[in-house]
Amino acid sequence: MIGSGFRDHFSGHASEYREFRPAYPPELFKWLASISPGRSLAWDCGTGNGQAAIGLADYFECVFATDASAKQIAQAELHPRIEYAVATAERCPLPAASVDLVLGAQALHWFHFDRFYAEVRRVCRPGGILAATCYYEPSVNEAVDAVLARFQDLVRPFWPAGREWVDAGYRTIPFPFEEIAAPQLELTLDSDLPRFLGYLGTWSATREFIQANGFDPVSKMADQFEEAWGEKDAVRRSRWKFNVRAGLARAMDSALQ
């Protein structure tokens, strides 16, 4: 959990984040819409470059997508039903009781939980839903995974605080809401080697490593990855473990209490 100050790990490579990160499965947004009390307004908190907001826009009349990084918002894909804004998770400009669904996609571990959860309860209408998604442990094949394990060992000391929540698949993250069972979904990406290495370059641990050591660990290990990958133009499928936690943010009868 981060403190009161926003720690920006991604603005320095916002364009790379947009280019190399995997897209969320379409089934996620269909399911989220199905459990929401309405489809008028969704808040995508920690939207980054808007990947999840675009998926939500297929089902909600309006998506309010926020991120504390102005550079990430500048890279976001425009859509007529999405309104982007620079704002922290703990201070949302939306009015009270206005939101059907709040989504934190690969972002909850960066937030101050108590203050964010208070905002979720404030902005949600009766029956409103909070959902958080998490992907982790990428895998390609036995040969590539062996090199990837060495790479992870190299950069592991440079993960910012909060990474432990991701490594546990959000199973241990504080989540004080009545939970709704989520479906098992698959997150995959078909890519060549340059794109896969580009993805590794977006890790906050990779960026922290570069700042601390003065060289890029992805470049240092590129030859090992190329040998394991085969032809660098060969397209291979990466798979991530993917978990969703969802809960009732505001009970249906809370407005009467």
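The values are calculated or read from the model by the stated rules, or taken from the named source; none is laboratory data. Nothing here was measured: the structure is a model prediction, and the numbers come from that model. Positions of Cβ are backbone-derived with ideal geometry, glycine not excepted, and every protein chain shown enters the neighbour counts. With ligands, DNA and RNA removed, areas are computed over all heavy atoms of the protein, side chains included. Shrake-Rupley method; radii C 1.70, N 1.55, O 1.52, S 1.80 Å.
Taking every C-alpha pair closer than 8 Å and separated by at least 6 residues, the mean separation divided by the residue count of the chain gives a relative contact order of 23 percent. For the chain, the antiparallel share of DSSP beta bridges with both residues in that region comes to about 45%. For region 192-204, putting each phi into the Karplus relation 6.51 cos²θ - 1.76 cosθ + 1.60 with θ = phi - 60° gives couplings of 8, 5, x, 5, 4, 5, x, 4, 4, x, 8, 4, 4 Hz, in residue order, rounded to whole numbers and with x for Gly and Pro.
A Cβ-based charge dipole, computed about the Cα centre of the chain with Lys and Arg at +1 and Asp and Glu at -1, lands at about 620 debye. Estimated from the Cβ-Cβ distance and a Förster radius of 25 angstrom, the FRET efficiency linking residue 185 and residue 39 is about 0.80.
Cross-link partners of residue 232 among aspartates and glutamates, defined as those whose alpha carbon lies under 18 angstrom from its own and excluding same-chain residues fewer than eight positions apart: 19, 142, 145, 190, 192, 223. Around the amide H of residue 65, modelled in the peptide plane, lie the amide H atoms of 44, 83, 84, 85, all under 5 Å away and 5 or more residues distant in sequence or on another chain.
For the chain, carbon and sulfur atoms together expose 49% of the accessible surface, with a 1.4 angstrom probe and every protein chain in place. Multiplying the residue separation of residue 167 and residue 114 by 0.36 nm and subtracting their alpha-carbon distance yields 17.0 nm.
The order of the peptides 222-233, 125-136, 101-112 by mean Cβ neighbours within 10 Å, most packed first, is 101-112, 125-136, 222-233. Between residue 241 and residue 175, the contour length at 0.36 nm per residue exceeds the alpha carbon distance by 21.8 nm. When the helices of the chain are scored as -39500 (n - 2.57) per DSSP H run of n ≥ 4 and the total is divided over every residue, the value at 222 nm lands at -9500 deg cm²/dmol.
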